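Have a look at the structure below, then the notes.
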Amino acid sequence: MDKPQKTPAFLAYLLPILGWLYVLVFHRKDKFAVYHAKQSLVMTITAIGAPVVWGIVAWAIAWIPLAGPVVAAALFALVILTYIVLAATWIVGLVYVSRAKAKPVPVVGGWAERLPIG
């Protein structure tokens, strides 16, 4: 990678859906920006998927008499934990971009590297 342009990679994190979409459409040849856009994409999918998965699991568990609704509500703590971890991961991603490092962010970085994009 030659001297990376930080702006498209920074936008990939700063604008959760439009950012990575912008990079993947208009800066497809910039490997640094695409690398960070893939990580932002995985973070966005995780942020959307966590409450959806919780809703499905909670709905199924809520049918168990007495304890089901309580357990289903308590599982929402996992969604909150997911968002806390994603917020920390997002900050780490922004720091990596500002330092021009193509390094995987914690937790979701490995998944992003497996994406066949770019």
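Laboratory data are not the source of any read-out in this text; all were calculated from the coordinates shown. Worth saying up front: this structure is predicted, and the values here are computed from it rather than measured. A quick note on method: Cβ atoms are made from the backbone with ideal geometry, for glycine too, and the neighbour counts reach across all protein chains shown.
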Handout entry: Cβ charges +1 (Lys, Arg) and -1 (Asp, Glu), total dipole of the chain, debye
Key = 500
Fill in the blank from the handout: Per GNM of the chain with C-alpha springs under 10 angstrom, the most fluctuating residue out of Pro106, Pro16, Pro69 is Pro69
Exercise for the section: Could you work out how far the C-alpha centroid of the range 1-61 sits from that of the range 79-99, in angstrom? Expected result: 12
Completion exercise
Expected sort for 70-78, 6-14 on mean C-beta neighbours within 10 Å, highest first, is 6-14, 70-78
Fill in the blank from the handout: Length gained if Val25 through Val107 is fully extended, taking 0.36 nm per residue and subtracting the Cα-Cα distance, is 27.0 nm
Practice task
Only Cα pairs under 8 Å and at least 6 apart count here; give the relative contact order of the chain as a rounded whole percent.
Solution key: 30
Practice task
Would you kindly state how much longer the chain becomes between Trp59 and Ile84 on full extension, computed as 0.36 nm times their sequence separation minus their alpha carbon distance, in nm to one decimal?
Solution key: 6.7 nm
Practice task
With springs only between Cα atoms under 10 Å apart, run a GNM on the chain and tell me which of Lys29, Lys103, Lys38 wobbles the most.
Solution key: Lys29
Handout entry: Radius of gyration and maximum dimension Dmax of the range 6-103, Cα, Å
Key = 17.2, 56
Exercise for the section: Rounded to the nearest 500, what is the 222 nm mean residue ellipticity of the chain from helices alone, with -39500 (n - 2.57) per DSSP H run of 4+ residues and division by all residues? Expected result: -23500 deg cm²/dmol
Handout entry: Distance in nm between pseudo-label sites at Val70 and Ile91 (7 Å out along the Cβ direction from Cα)
Key = 3.5
Completion exercise
With the charge dipole of the range 6-103 built from beta-carbon charges (+1 for Lys and Arg, -1 for Asp and Glu) about the Cα centre, the Cα from Ala73, Val53, Leu21 projecting farthest to the positive end belongs to Leu21
